[in-house]
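The values are calculated or read from the model by the stated rules, or taken from the named source; none is laboratory data. Being a predicted model, the structure only gives us computed values, none of them experimental. Backbone-built Cβ (ideal geometry, glycine too); neighbour counts: all protein chains shown.
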């Protein structure tokens, strides 16, 4: 096991409480300003959505042949962001990675909020949002049920399972920390934290069952996270459209999701660490580790990009070949190249140790990766649809301000939820960090 | 004769002393012993071994239920309207595996939560013997003892390995008539 110390030297368990609880105190002016800004974003999104609901889906840019526009791009983007949380909290837990303890709470919160945003987009996309319950299996008047053979229906099950399980994981993971807050605060706040702590006392029996439950949650969440994005990729891969109909989509999407998720963790962690003075708990080493996962997944994603082109060429199928030629050099070619630079070229710099250990540079790289990964979904969805088999059915698509507005609204919603989370819940898993420090000091073997 | 039951609470800030005290208490086999800590402690697990947690059975049962529903629901519903489309069989197990897989995870996770709540006795209202320091950086134990045992335990707590207990409290326990 790697015995490297991930925290600042001399950090004691006593300090962990105060470090984590400090951000929960009364917020400053900047906080309210940001809240107002995000509510503004949400208002813009809501107004755009309202216009779409009252006037119809025609206000969005989608039309034949591009019937899946940036709503679906956003859906895949947010689901992708959601994947790193479970990666960091569940998969790295199973691998006993010691560095996860400082960042897992933030990543889990990100997961829950990102899935919430993702879940909205299929509903917005279908237009008549008030019929959204049709997606769920129930017998209608003619005892007709949903089509369980449809990948879109698999998606309903996958995403709703994911939102439930990741929320449970998030809430259960916070039980001991809520008890810490219950004991530190007085009055109303203590009562509210006490409600979420559910009367946690930290007895050895409770810890025993808690650890087992946490392990089982991690064991369930790990295959889940891989299945969810595989199923999202099958929304595309199950069709016969050139550019979508591909067997490598599942691993390609899963690694892309983890790639974008780690980038989003860095993007959020960097300012958060500065604002809340968490430098002792979240050190450069954590960023380096995240960057290394980013680099690995970036290489997998790049390999997938190249494989797609190779397979198109090697298949000798003119539709495949034309589809991929068009992806790189067609109407949307510029987005493909921006995507390729952001996702494949730029992350290569992480190989350089000076860059890997420089938090500021990593922050900038992560922003480009976020943009690149959004563009990846845009490129896959829109270029494939816009150039079908039949040249007569070709057509271009551009998102309207309604679609951009709703996207902005979802960013606002995500960040607002995240800001509230940082004010009301511990941003670092207190008991896990304490356990880590305890074992580092006592030299206990906890494998 | 009244045989009243007392509870002795000891709070430690030093981990080594806490473990030493726990070892000596555990030697005389106290069943009614509760140990408190702000983080899971594997030393405590060694001193007070417990059977593997029953939470895993909840997970298992939940998973089985989810799997059954995941196959049962789609098979039942397609048989309600057995229309052949695309020349494919009506009961398409390959497609239903995905539904079954997702529901296995969903029910497994929900049952894990129920198992945790059941076994860890949560949620609970009564925190009367609890000490806020147990969630900070202190370790503690509450030992249930009869009238005749109190003196012995107190002595043991104080003497074990030159131990200084930060706080030793007698908590009035339930009185068994």
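Residue check: is residue B:40 within 30 Å of residue A:15 (Cβ to Cβ) and within 8 Å of chain A (Cβ to nearest Cβ)? Can you show your working first?
Working: within 30 Å of residue A:15 (Cβ to Cβ): yes; within 8 Å of chain A (Cβ to nearest Cβ): yes.
Taking the combined requirement at face value, the residue satisfies it.
For region A:400-447, what are the residues that are modelled with pLDDT under 85 and in a loop (DSSP other than H, G, I, E, B)?
Correct list: A:443, A:444, A:445, A:446, A:447.
When only residues in region A:170-213 that are more than 10 Å from every other protein chain (Cβ to nearest Cβ) and not in a helix (DSSP H, G or I) count, which is surrounded by the fewest Cβ atoms within 10 Å (Cβ to Cβ)?
Across region A:170-213, the extreme among qualifying residues is A:186.
Checking the condition assigned to a loop (DSSP other than H, G, I, E, B) and either in contact (Cβ under 8 Å) with a residue 12 or more places away in the chain or touching a strand residue (DSSP E or B) at 6+ places or on another chain (Cβ under 9 Å) (or both), which residue from B:49, B:38, B:82 passes? Working first, answer last.
Numbers: B:49 fails: either in contact (Cβ under 8 Å) with a residue 12 or more places away in the chain or touching a strand residue (DSSP E or B) at 6+ places or on another chain (Cβ under 9 Å) (or both); B:82 fails: either in contact (Cβ under 8 Å) with a residue 12 or more places away in the chain or touching a strand residue (DSSP E or B) at 6+ places or on another chain (Cβ under 9 Å) (or both).
Result: B:38 is the single residue among B:49, B:38, B:82 that is assigned to a loop (DSSP other than H, G, I, E, B) and either in contact (Cβ under 8 Å) with a residue 12 or more places away in the chain or touching a strand residue (DSSP E or B) at 6+ places or on another chain (Cβ under 9 Å) (or both).
Select, from B:75, B:69, B:98, the only residue that is surrounded by 13 or more Cβ atoms within 10 Å (Cβ to Cβ), more than 10 Å from every other protein chain (Cβ to nearest Cβ) and assigned to a helix (DSSP H, G or I).
Details: B:75 fails: more than 10 Å from every other protein chain (Cβ to nearest Cβ); B:98 fails: more than 10 Å from every other protein chain (Cβ to nearest Cβ).
Every option except B:69 fails the conditions.
Using the structure shown, decide if residue A:155 is in contact (Cβ under 8 Å) with a residue 24 or more places away in the chain, part of a helix (DSSP H, G or I) and under 20 Å from residue B:67 (Cα atoms). So that I can check it myself, show each step before the final result.
On the way: in contact (Cβ under 8 Å) with a residue 24 or more places away in the chain: yes; part of a helix (DSSP H, G or I): yes; under 20 Å from residue B:67 (Cα atoms): yes.
For residue A:155, the condition - in contact (Cβ under 8 Å) with a residue 24 or more places away in the chain, part of a helix (DSSP H, G or I) and under 20 Å from residue B:67 (Cα atoms) - is met.
Listed residues B:19, B:25, B:8; which is within 11 Å of chain A (Cβ to nearest Cβ) and outside any loop (DSSP other than H, G, I, E, B)?
Numbers: B:25 fails: within 11 Å of chain A (Cβ to nearest Cβ); B:8 fails: within 11 Å of chain A (Cβ to nearest Cβ).
Exactly one residue qualifies, and that residue is B:19.
Just to be sure I understand, how many residues within region B:147-160 are surrounded by fewer than 20 Cβ atoms within 10 Å (Cβ to Cβ), outside any loop (DSSP other than H, G, I, E, B) and either at pLDDT 80 or above or in contact with a strand residue (DSSP E or B) (Cβ under 6 Å, 6 or more places away or on another chain) (or both)? Quick ask: steps written out before the conclusion?
Going through region B:147-160, the residues surrounded by fewer than 20 Cβ atoms within 10 Å (Cβ to Cβ) turn out to be B:147-152, B:154-156, B:158-160.
So of that shortlist, the ones also outside any loop (DSSP other than H, G, I, E, B) come out as B:150-152, B:154-156, B:158-160.
Narrowing further to those that are either at pLDDT 80 or above or in contact with a strand residue (DSSP E or B) (Cβ under 6 Å, 6 or more places away or on another chain) (or both): B:150.
Final tally of qualifying residues: 1.
Looking only at region B:121-146, how many residues end up being more than 9 Å from chain A (Cβ to nearest Cβ), surrounded by fewer than 20 Cβ atoms within 10 Å (Cβ to Cβ) and touching a helix residue (DSSP H, G or I) at 6+ places or on another chain (Cβ under 9 Å)?
Number of matching residues: 0.
Residue A:129 passes all but one of (1) within 25 Å of residue A:77 (Cβ to Cβ); (2) within 12 Å of chain B (Cβ to nearest Cβ); which number fails?
Only one criterion in (1) within 25 Å of residue A:77 (Cβ to Cβ); (2) within 12 Å of chain B (Cβ to nearest Cβ) is unmet by residue A:129, namely (2).
Go over the candidates A:98, A:105 one by one and state the one that is part of a helix (DSSP H, G or I) and farther than 30 Å from residue A:241 by Cα. Quick ask: steps written out before the conclusion?
Values: A:98 fails: part of a helix (DSSP H, G or I).
Result of the check over A:98, A:105: A:105.
Run residue A:26 past the list (1) over 18 Å from the mean Cα position of the chain (by Cα); (2) closer than 29 Å to residue A:412 by Cβ; (3) in a helix (DSSP H, G or I) and report the number of the one that doesn't hold.
Among (1) over 18 Å from the mean Cα position of the chain (by Cα); (2) closer than 29 Å to residue A:412 by Cβ; (3) in a helix (DSSP H, G or I), the lone unmet condition for residue A:26 is (3).
Across region A:304-349, what is the total count of residues that are in contact with a helix residue (DSSP H, G or I) (Cβ under 8 Å, 6 or more places away or on another chain) and outside any helix (DSSP H, G or I)?
Residues meeting the conditions: 3.
Quick grid of which residues meet (1) free of Cβ contacts under 8 Å to residues at least 12 places away in the same chain; (2) in contact with a strand residue (DSSP E or B) (Cβ under 7 Å, 6 or more places away or on another chain); (3) farther than 22 Å from residue A:71 by Cβ:
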residue: A:324; (1), (2), (3): no, no, yes
residue: A:346; (1), (2), (3): no, no, yes
residue: A:351; (1), (2), (3): no, no, yes
residue: A:354; (1), (2), (3): yes, no, yes
residue: A:364; (1), (2), (3): yes, no, yes
residue: A:402; (1), (2), (3): no, no, no
residue: A:409; (1), (2), (3): no, no, no
residue: A:417; (1), (2), (3): no, no, no
residue: A:428; (1), (2), (3): no, no, yes
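Given the residues A:77, A:38, A:31, which is the only one that is in contact (Cβ under 8 Å) with a residue 12 or more places away in the chain and within 24 Å of residue A:396 (Cα to Cα)? Steps first, please.
On the way: A:38 fails: within 24 Å of residue A:396 (Cα to Cα); A:31 fails: within 24 Å of residue A:396 (Cα to Cα).
Of A:77, A:38, A:31, the one residue that is in contact (Cβ under 8 Å) with a residue 12 or more places away in the chain and within 24 Å of residue A:396 (Cα to Cα) is A:77.
It is to be established whether one or more residues within region B:104-120 are at the interface with chain A (Cβ under 7 Å from one of its Cβ atoms), part of a loop (DSSP other than H, G, I, E, B) and in contact with a strand residue (DSSP E or B) (Cβ under 8 Å, 6 or more places away or on another chain).
No, that holds for no residue.
Can you name the number of the only condition in (1) loosely packed, with under 14 Cβ neighbours inside 10 Å; (2) touching a helix residue (DSSP H, G or I) at 6+ places or on another chain (Cβ under 7 Å) that residue A:72 fails?
Status for residue A:72: all satisfied but (1).
Could you check region A:288-305 and list, in sequence order, the residues that are without any contact (Cβ under 8 Å) to a residue 12 or more places away in the chain and either surrounded by 18 or more Cβ atoms within 10 Å (Cβ to Cβ) or within 18 Å of the chain's Cα centre (by Cα) (or both)?
A:296
Is it true that some residue in region A:240-251 is more than 18 Å from the chain's Cα centre (by Cα), within 14 Å of chain B (Cβ to nearest Cβ) and at pLDDT below 95?
Taking every residue of region A:240-251 in turn, at least one turns out to be more than 18 Å from the chain's Cα centre (by Cα), within 14 Å of chain B (Cβ to nearest Cβ) and at pLDDT below 95.
What's the number of the condition residue A:134 fails, among (1) touching a residue at least 40 places away in the same chain (Cβ under 8 Å); (2) surrounded by fewer than 24 Cβ atoms within 10 Å (Cβ to Cβ)?
Only one criterion in (1) touching a residue at least 40 places away in the same chain (Cβ under 8 Å); (2) surrounded by fewer than 24 Cβ atoms within 10 Å (Cβ to Cβ) is unmet by residue A:134, namely (1).
Please go through region A:141-169 and pick out each residue that is over 20 Å from residue B:96 (Cβ atoms) and more than 8 Å from chain B (Cβ to nearest Cβ).
Within region A:141-169, A:141, A:142, A:163, A:166, A:167 qualify.
Can you say whether residue A:107 is surrounded by 18 or more Cβ atoms within 10 Å (Cβ to Cβ), within 23 Å of residue A:19 (Cβ to Cβ) and more than 14 Å from every other protein chain (Cβ to nearest Cβ), as far as the supplied structure shows? Write out each step before concluding.
On the way: surrounded by 18 or more Cβ atoms within 10 Å (Cβ to Cβ): yes; within 23 Å of residue A:19 (Cβ to Cβ): yes; more than 14 Å from every other protein chain (Cβ to nearest Cβ): yes.
Yes; evaluated as a whole, the condition is true for this residue.
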